[in-house]
Structures are given as C-alpha cells and as structure tokens.
Amino acid sequence: MRAHAFVLAAAVTGLTATVATWRPVAPLLQAQQRPLDLPPAIEPEPGLVCAAPDPDGRSRKAALADGAALSFRQEPAWLLARPDHGLRLRRFLVVGDVERVRFDRWDPEANAYVEETWTRETTDTVGGRLVSVFEPSWPASIIQTRLGRVRVGLDDPDLFIGYYRGPADHVTVSHPVNARVGFDAIGPTEVVRIDDGVQYASHVVNLVIPDFGDRRLIDDYDLSTVTRRFYEFFEDGYDVVAVVPADAHVDEFAAYHLRVRNDIRGLNLPQFDRAADYGSSGRLRGVEAFHNTAFMQPSTSSHELSHIWGHAFDWTRIAGIARAGHQPTGHGPLITGGESLVGGVLTATRRVAITDGGDAVIERAGPPVRPHPLDQYAMGLMAPADVPGLVLFDDQGQFSATGKSEPAPGTAVTGGRREISVNAVMAAHGARSGPVLSEVRRATIVVSRDSLLPSDQMAMWNFFASRHEDASGSGVISYTGQGSFDASTDRRIDLATDIRPRDAAPLARTQNPEPAAFGARDCGGITFTTAPPTRVRTGQRFTIAGRITATDRSDFTQVMFRFWPSDGDASRVERASAEASRSGEFRVDVELRSGREGQYALDGFLFWQDAPAQWPRCSLSVVNVAP
C-alpha cells in the first residue's frame, strides 16, 4: 500500500539555483525557510489500510456499532484549485441516535489538530436502522489554503481533512476523512447511457443501485448485486471487478480484494469457485471494494490485484515465528529479498538488505516497486530455482506490532535471523502449480445511489481507471516510486481495464491517461499558459509560463518553482524563479541538472517586495526526471 508516514520538509538553504534566464532577487531567499505543510511524523498517513479477507475469499466484518460513521457525499464532488471551492460533506451519516460528534481537523497554520463539534441536522433510516445526519462545511479560505500546502497529484488525488472521532462525549474511533481532488488536466470523455441506471465510458461503468452500502450496517457490501447487474450489459471477460461507491464511505480500511475463484495450488489457499454467485460463467477471479480516494492510488490498485495470489504463506508453520504487522495472515513478513506489494510489516517503498559487513538495514525500494521474489513465485513469474535464499527475522514486530511501517533508510533490523529457502515454503504448502496469467482484465464500476453521475464526474473516474492500464508504457511512477501493475511486473502481466459492452463496440480512449503537463489551473493562484511537464530528462530545457491570478494581494512581483525530491535529499532540491510583470505574467526557463534523476513534487510560490517566508500555493506531483 501507499507509504503512510508524514514527513516535515527540510530546509533548502544554500542550494544552487537552476539554470534560468532571470536575475534572482532578495525576497526569493525567504522561501528557503522550513515549510510546515504536512502533519507531524507521529501521525500515521490516513486511510490506506487493506482489509485482507480470509483465504477462502469470504469477508467476515461485524455490524457497525452506534457512533460509527457510514458515508458522506462530497460537495463539490471533486475538489479543484479554485477560489470558490470550499467543502461540504452532505449527509454525513452516523449510526444511531447521536446528537453531537467530534472531528479533529488538521490545521497547517497551527501545525496541529483543531477539535470541532458537529451538531446533528436530522435523522433518517438506513437499512432498517436509525442514523444521524450531519452536514459539516468549511469555507474556501480554509480548504484552498489546506490544498495549497499539501502534496496532491494524479498519483495522490486526495486531501486529508482530519479524523472522525465518534460521539462528542464518548470518543470511540479514529477514522480518516479525505476529500477527492480533481485536476484541470483531466478533460472530457465520451459517455454512453444505456438506461436510467446504467452508463459507461471507455474504462468505467456507472450503475445506480439505490440501497448500495446499506448492508455495511449489518456486515459488508453486497458486491454480488453489483456484479450481476454489470453482467447484464457487459462481457463476462474480466478476471477482477473493482467496485467503488460514488459516495465516500468511512471505515478503518481503504480497500480489499475478495477471491471468488482459486485454481492455483501451493499458495496455502483452498481450491474453490464461486464465480457463478457473482454472475460470471467462470472467468471471474476476484471482486474488489475501494473506499473514497483509494482506487486512484497506483499503489493501492496494485496491492489489491496482488491478492489474487497472496500473501497467504503460513510463516508460523514454515519457520515457527510469531507473526506481526498489518493482518499478518494475509500479508508478507519482515524478510530479505526485496520489497513486497503485499507486505504487512513494511510499506512497499521499503525492503531489508544485508550489507557487506553482514548487518541488516532498511533501504528504499523502486522505482518501480516490484513484487517480492516469493510473490513472483506465487504468480508463476519466477521458477523455484530462481528464488534467492532469504533471511527471515524473529522479531516481526520491531517496527510495528499491528501495522505497516516506513523506517528511514539505514535503520537497523535487529534480533535473531533464520535462513529460509523456497524449499521450506514448498515443504509446507506443496509446489506451486496452476495457470500463469499474462493478462489480468479488470472492470471498474462506480455505484451511485440516486441517479447517474454527471459527465464531469464520469471523466474523472474514467481517467484513473484508464491510467491504471498504463497503455502509454510510461510506468505511471508515483512520487514514492510505486508504478503501474504492468511496470511492477516488468510487463510480464498486462493489466487491461477497457470496458466491453455485450451489444456494442468498445469506446475509444478519448483522453490521455498520462498527460505530458499539469493542467492550466492546477496550481492555486497561478494560471499556466505553458504548464510544467510531468516527465523530463536531465539537461532538457523547458519553460513554465503563465499569469498570477491570486487575489489575496495586488502587489506580487515574483514567482518561484521548487522541485522537491521524494527521498527528501536537500542536496537535490532545485529552484527556478522569475520576476512577474505588472499584469502578473511570468516566464521561467528551467534545466534540471545531471544527478537530479528521480521523482519530484513541484511547489509554486508567490512573493512581493519584502515578503516574509511563504507557504507554497501548490505542491503538485509527480515530475519524473529521467537521465
């Protein structure tokens, strides 16, 4: 899953400016001070936890208790960098008779959480149970300030608002609430309406199911209702169906993959076939559920797809260790050999390496992050003879007993070790046998309750479903170095996400899922006429041009863009700046020097004469810099 540690940006004082055609002036130095634009490192990054189901593919969730949040409807549906875009959470549903609830909103100005109390608007009945309805809102001044001070991008299209804590007088939960962020770079798409309850674009289907989500009050989603409706109109040619509620659902997990069918032996998974229960004649292997913004994350998408094969190896049986981390029976252990897309102890951006001196240390993984050799063995992509010798660590909980961790590179891995080979896995579970997939077809369904989605919302969902396919072969590398499923598997498994109707030809792709530039209005207070590219090479000169459109002042004189590397190495930060004309126009010519390869966030700053230290007006990802 996506890395979940928030990091404070380090100072950039004393770094060399990029090659450009402007004269640096004194106020630009103000931006070298330390920006406090992210929550403190002690807070886990919210909302990206996988709820791995049982090996037989069944979900066993308990009924929601009184005080638990159910869902909300974001307004606007996709938050944009616009001066009029505040945020309202329509019909924020809380189970039971609850008059007031507590919410802890993150405030970058205070660098702390601000405790809020929401008062109930009304009550309603959902799934036969009483629910309390809240409708909190925040003005554009708060939301746009927050949006400008946190990294967002096509690889990370969500804005963390804060934590829902439960009834005001009895705090019981800690569930993150995120808003979906849209981007100006995402253009319109063709949408075909079949009837009042079904429409589709090239890579996403929208179904109207009025009571979808109500069953969560009792146990879990009724995904079979969704898939059966889908197969009435679309081909039974998919290995996986991904289901995303149009309303944002609040829970302790962000996504899960239910196995529907397994015909591969040697993975410690039972053999079963329940495809018919979901309306498939036998092709379907799994059904996925994604909450809110989780579907758009390349890391989350690849993680859930990897659950087709694992990780279900029983390490207590294989090596006698006490397992730890996030849901360790369904995720990988603390082990050498490489990173894992389905690890339970380390995030996918970290792996354990043995130094020449024999020490075990954490190191950074990717890009792109790849499956662990044992996971590649489970996929059938690596023969047993090619799986390297591995070291398994006795203290599986040394970084976190119950969750994933992202230790800093160089952190020591301590405690006893056990040398393990794939032979031990085969001795416990048998040799891997069964089909080796060269293609995985996934259909994405966005389920709305009241009516079909408008075309602009369809365009956003279609863009991200299409982007997962990585048809351009770019790798879709994220800021943290995680890429598309194709890139992760070195293109030995091709993910296809196009929608195939039963009675019509598939729609052609109408938008580029990997744009060569950010959108004209993706940076608050700045409108680009020549937008920054998202992929460049070192030594390549490019231009960023536009006009200052911020209205909080009328005397802006300068623009600066800062390229912040994902590894936080201050020696690789690049800055480019230029003076603005009286009417706000600017032009910045940039060249990223040799040695600047990697992933960067682009931070935009505005200055006036004698300006104090400034926050960024935007922090956009990702700019991938290649040699």
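The values are calculated or read from the model by the stated rules, or taken from the named source; none is laboratory data. What you see is a predicted model, and the numbers here were worked out from it, not measured in a lab. Quick reminder, even Gly has a Cβ in these numbers, built from the backbone with ideal geometry, and neighbours come from all protein chains shown.
Just the residues that are closer than 17 Å to Gln396 by Cβ and small (Gly, Ala, Ser), please, taken from the stretch 349-368.
Scanning the stretch 349-368 gives a single hit, Ala360.
Hey, any hits in the stretch 509-519 for a residue that's out of contact with any Cys (no Cβ under 8 Å at 6 or more places or on another chain), in a strand (DSSP E or B) and at pLDDT below 95?
Within the stretch 509-519, one or more residues are out of contact with any Cys (no Cβ under 8 Å at 6 or more places or on another chain), in a strand (DSSP E or B) and at pLDDT below 95.
Conditions: (1) assigned by TED's automatic domain parsing to the domain that holds Gly344; (2) at pLDDT 95 or above; (3) of a type in the set (S, T, N, Q). Thr402 meets all but one. Number of the miss?
Unmet condition: (2).
With the requirement that a residue be part of a strand (DSSP E or B), polar (S, T, N, Q) and either under 25 Å from the mean Cα position of the chain (by Cα) or under 24 Å from Pro298 (Cβ atoms) (or both), what does the stretch 128-165 give you?
Within the stretch 128-165, Ser137 is the sole residue that qualifies.
For the stretch 381-409, give me each residue that is among the aromatic types (Phe, Trp, Tyr) and assigned to a loop (DSSP other than H, G, I, E, B).
Residue satisfying the conditions is Phe399 alone.
Could you list, in sequence order, all residues of the stretch 189-236 that are farther than 27 Å from Val131 by Cβ, within 23 Å of the chain's Cα centre (by Cα) and not small (Gly, Ala, Ser)?
Once the filter is applied, which keeps residues that are farther than 27 Å from Val131 by Cβ, within 23 Å of the chain's Cα centre (by Cα) and not small (Gly, Ala, Ser), the stretch 189-236 yields Thr189, His203, Val204, Val205.
Tally the residues that are under 15 Å from Ala431 (Cα atoms) and part of a loop (DSSP other than H, G, I, E, B), restricting the search to the stretch 369-380.
So the count comes out to 1.
Take Arg617 and decide whether it is within 22 Å of Gly182 (Cα to Cα) and in contact with a helix residue (DSSP H, G or I) (Cβ under 6 Å, 6 or more places away or on another chain).
Yes; evaluated as a whole, the condition is true for this residue.
Can we say Arg418 is part of a strand (DSSP E or B) and either surrounded by 13 or more Cβ atoms within 10 Å (Cβ to Cβ) or at pLDDT 95 or above (or both)?
Yes; evaluated as a whole, the condition is true for this residue.
Confirm whether Phe183 is part of a loop (DSSP other than H, G, I, E, B), of a type outside the set (Lys, Arg), crowded, with 17+ Cβ neighbours inside 10 Å and touching a Phe, Trp or Tyr at 6+ places or on another chain (Cβ under 8 Å).
Yes: the conditions hold for Phe183.
Looking at Asp486 and the list (1) over 25 Å from Gly380 (Cβ atoms); (2) free of Cβ contacts under 8 Å to residues at least 60 places away in the same chain; (3) acidic (Asp, Glu), which single condition is not satisfied?
(1)
Answer yes or no: is there a residue in the stretch 271-286 that is buried (at least 24 other Cβ atoms within 10 Å of the Cβ) and either of a type in the set (A, V, I, L, M, F, W, C) or not assigned by TED's automatic domain parsing to the domain that holds Phe230 (or both).
yes
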